[in-house]
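To start, the structure itself, in structure tokens.
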Amino acid sequence: MIRGTGGRWLVAALTASAVFTSGCTDSVDTDELPGVYRNEATGGKLQLESDGTFSATGVSTDRSSGSADFSGRWEFVDSQGAGDFIYLTVEDGGLGRTGGVQLWPKGPKSVYFQDDPDEPPALVLTKASTP
């Protein structure tokens, strides 16, 4: 049994931490990931195909580079609650020497690129209802 003010604080902190963490991880249905995602403000477009390929047009993956067109293969990485993500293996296009990029799901209908975890996402794309 945990006694005293310090013990109660520890239990409260762990409980709050568990609630906060569970609220941050959205469950992802990988069958619903394929589709067209757009950012209306930038014109960026990302298409995830059900065969595991993707194409991106006018997409900026970080804050320090401009938009680029690139394509390749994608796969969902289930990291056991530590932040599931979609890994884009870049095979062709304008990202230079970059071999791959992480794309983060945000709820069931949007994805985002985030190069710095201390900053807001670099680009958020919302799933389009029609291609």
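The values are calculated or read from the model by the stated rules, or taken from the named source; none is laboratory data. A quick note: this is a predicted structure, and the numbers were derived from the prediction, not measured. Glycine gets a Cβ as well: all are built from the backbone with ideal geometry, and neighbour counts include every protein chain shown. For the accessible areas, the whole protein counts, side chains as well, though only heavy atoms, and no ligand, DNA or RNA atoms are used. Shrake-Rupley method; radii C 1.70, N 1.55, O 1.52, S 1.80 Å.
Summary of values
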quantity	calculated
Failed criterion for Leu95 (all others in (1) open to solvent by less than 40 Å² (accessible area, probe 1.4 Å); (2) under 18 Å from Gly52 (Cα atoms); (3) over 10 Å from the mean Cα position of the chain (by Cα) hold)	(2)
Filtered residues of segment 98-110 (kept if open to solvent by 40 Å² or more (accessible area, probe 1.4 Å), within 14 Å of the chain's Cα centre (by Cα) and not polar (S, T, N, Q))	Trp104, Lys106, Pro108, Lys109
Search result, residues across segment 116-131 that are open to solvent by less than 60 Å² (accessible area, probe 1.4 Å) and either more than 17 Å from Ser55 (Cβ to Cβ) or assigned to a strand (DSSP E or B) (or both)	Asp116, Pro121, Ala122, Leu123, Val124, Leu125, Lys127
Per-region count, segment 20-55, residues surrounded by fewer than 10 Cβ atoms within 10 Å (Cβ to Cβ) and modelled with pLDDT under 55	4
Count - residues of segment 79-92 that are open to solvent by 90 Å² or more (accessible area, probe 1.4 Å) and either of a type in the set (Ser, Thr, Tyr) or touching a residue at least 12 places away in the same chain (Cβ under 8 Å) (or both)	2
Residue among Ser71, Ser55, Ser79 that alone is part of a loop (DSSP other than H, G, I, E, B) and either of a type in the set (Ser, Thr, Tyr) or under 19 Å from Tyr37 (Cα atoms) (or both)	Ser79
Candidates Phe70, Phe113, Phe76, filtered to the one that is among the aromatic types (Phe, Trp, Tyr), open to solvent by less than 30 Å² (accessible area, probe 1.4 Å) and under 22 Å from Val28 (Cβ atoms)	Phe113
Any hit, segment 105-112, residues being hydrophobic (A, V, I, L, M, F, W, C) and under 20 Å from Gly72 (Cα atoms)	yes
Test: Trp104 is touching an Asp or Glu at 6+ places or on another chain (Cβ under 9 Å) and free of Cβ contacts under 8 Å to residues at least 24 places away in the same chain	yes
